Amino acid sequence: MAGPCLGIGLLSFLLSAVALGWQLTWVRTWTGAEEIAAPTESHESSRVSMLAAICAADVLARSLGSVLLAVAMRQLSHLLHGEMLSAVLWSPIAFFEATPRGRIANRFLVDLDLMDSRLYLSGKQFTQHTLFAISRLIIIGTQSPFVLAAGVASSGLLIFLVRLAVRASHPPKFREAVHTSRILSHVTETMDSLSSIRAYGVLDRFSYHFCRLVDVNIRAYSAFCGLFRYVRLVTFLCGLVTMVCTMLFAVLLSPEDSQPDPSILGITISAASLDPILVRGTLRQNLDPKSFHTDKEIWAALYQAHLGEVVTKDPKQLLLDTGHGGSSFSVGQRQLVCLARALLRKPRLLVLDEATSQMDGDTDRLIQATLRDAFAHCTQLTIAHRIHTILDYDKVLVMGDGRVLEFGPVQELLSSPSSVFRQMTEETLSKTK
């Protein structure tokens with residue numbers, strides 16, 4: 001029973017290390033995806049749920065491994081105690097005459113204590129820390145081979161020095177065990193002969209001998225503790241070397257090109273132009289070519305773009321064939337399709353090039369209201385000829401003959417008597433009257 005429990009427990013710790021690596025990878029993928037495009041609410045909730053599931057699996061695997069390892073150690077301790085007790089009870093008289101009682105007591109006290117407590121805790125910590133270190137090293141190594149090489153080198157040095165420390169710890173540990181047996185033998189013999197010791201008046205001599213045995217035992221134990229501290233120091237230094245290498249790599253690494261990857265511009269930026277073009281295919285493929293969104297989200301974007309009623313009237317609805325270049329729609333409707341695509345993507349930068357030029361006044365006002373509400377979270381760059389569409393913008397750039405005439409906040413330009421933008425606004429208002 002101990003063997004299966006031990007095997008399943010080690011497998012559980014291995015699964016927890018895999019879950020830890022999965023957590024790191026998932027968080028890295030999550031943050032990388034947010035840098036490319038603004039996350040939707042459904043994607044955000046699914047990512048949180050996935051991370052929570054991975055963390056729960058990690059906790060479950062660790063708990064199961066700890067419980068099974070404790071059960072295995074308990075069964076092994078019972079097995080060892082039974083074999084030791086059976087061997088002692090069935091030993092001949094000559095064994096008890098040649099073996100001090102303190103040595104027998106030391107075996108039952110120290111060895112069983114190691115099995116019951118120290119071996120379980122040390123084995124659990126060693127297994128978990130080793131597997132977790134390997135998992136982190138693999139995850140980091142996929143991003144930085146330099147750090148991976150430094151980690152492998154420091155791990156090799158650590159293993160070599162720890163093996164030296166283990167070899168050096170054998171003599172002091174052996175001396176400690178021998179002197180512990182002598183102390184226990186001295187105590188048992190003293191208790192058996194206590195009346196004779198008092199009768200002959202040699203209590204001080206026995207006390208002095210006991211103190212001398214304890215001093216010798218403490219010397220051996222101190223040597224072992226020194227080696228243990230040496231191992232801890234070496235472990236700390238190896239970790240420090242890896243950390244310093246990581247910091248040097250971060251400092252000496254040349255900065256990446258600040259220019260964005262052209263392959264992601266279509267994800268981070270959406271555009272609605274004066275002459276929109278649709279690809280040949282279904283309406284759904286034009287709105288969501290990679291199928292990132294559900295039908296419910298697509299319909300919501302269509303209704304926000306005031307195109308939902310038009311699509312609903314067609315029996316194919318989202319499977320409507322757009323035709324070559326979007327010939328199934330008018331120019332104004334194609335502009336609305338581009339707007340719906342932008343609403344669906346939730347970009348960080350929206351470029352509008354006379355996006356509502358082919359629409360009537362009522363539809364234009366509805367679209368402008370939608371732009372103000374739905375794209376409040378992103379930056380809008382609008383190329384406009386109709387003044388009323390940009391009066392609520394933060395800043396305006398006025399150009400003439402290919403030159404910049406003025407640039408500044410809308411209210412500041414409107415309040416300046418010599419402003420070209422103010423003159424254009426007044427002319428537009430006078431024409432509408």
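The values are calculated or read from the model by the stated rules, or taken from the named source; none is laboratory data. For clarity, every value in this text was computed on a predicted model and none was experimentally measured. Here the Cβ is made from the backbone with ideal geometry for all residues, glycine too, and neighbour counts use every protein chain on show.
Values for this structure:
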{"quantity": "Condition check for ARG175: out of contact with any helix residue (DSSP H, G or I) (no Cβ under 7 Å at 6 or more places or on another chain) and charged (D, E, K, R)", "calculated": "no"}
{"quantity": "Segment 85-114, subset basic (Lys, Arg) and touching a residue at least 24 places away in the same chain (Cβ under 8 Å), residue farthest from THR188 (Cα to Cα)", "calculated": "ARG103"}
{"quantity": "Given (1) under 44 Å from the mean Cα position of the chain (by Cα); (2) modelled with pLDDT of 70 or more, index of the condition GLU309 fails", "calculated": "(1)"}
{"quantity": "Members of segment 133-161 found to be over 14 Å from VAL234 (Cβ atoms) and of a type in the set (S, T, N, Q), listed by number", "calculated": "SER135, THR142, GLN143, SER144"}
{"quantity": "Residue list for segment 198-224, filter: over 60 Å from the mean Cα position of the chain (by Cα) and closer than 16 Å to HIS186 by Cα", "calculated": "ARG198, VAL202, LEU203, ASP204, ARG205, PHE206, SER207, TYR208"}
{"quantity": "Residue among LEU213, LEU184, LEU233 that is buried (at least 16 other Cβ atoms within 10 Å of the Cβ) and at pLDDT 80 or above", "calculated": "LEU213"}
{"quantity": "Residues within segment 349-381 that are surrounded by fewer than 18 Cβ atoms within 10 Å (Cβ to Cβ) and modelled with pLDDT of 75 or more, tallied", "calculated": "6"}
{"quantity": "Residue in segment 190-201 that is touching a residue at least 24 places away in the same chain (Cβ under 8 Å), in the same structural domain as ALA220 (by the TED database), in a helix (DSSP H, G or I) and over 30 Å from PHE249 (Cα atoms) present", "calculated": "no"}
{"quantity": "Positions within segment 81-107 being surrounded by 15 or more Cβ atoms within 10 Å (Cβ to Cβ) and not in a loop (DSSP other than H, G, I, E, B), in sequence order", "calculated": "HIS81, MET84, ARG101, GLY102, ARG103, ILE104, ALA105, ASN106, ARG107"}
{"quantity": "Hey, GLY102 modelled with pLDDT under 80, among the small types (Gly, Ala, Ser) and in the same structural domain as LEU76 (by the TED database) or not", "calculated": "yes"}
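Yes or no, residue by residue, for (1) modelled with pLDDT under 85; (2) on the phi > 0 side of the Ramachandran plot; (3) surrounded by 13 or more Cβ atoms within 10 Å (Cβ to Cβ):
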site: THR25; (1), (2), (3): yes, no, yes
site: TRP30; (1), (2), (3): yes, no, yes
site: ALA33; (1), (2), (3): yes, no, yes
site: ALA37; (1), (2), (3): yes, no, yes
site: HIS43; (1), (2), (3): yes, no, yes
site: VAL48; (1), (2), (3): yes, no, no
site: ALA61; (1), (2), (3): no, no, yes
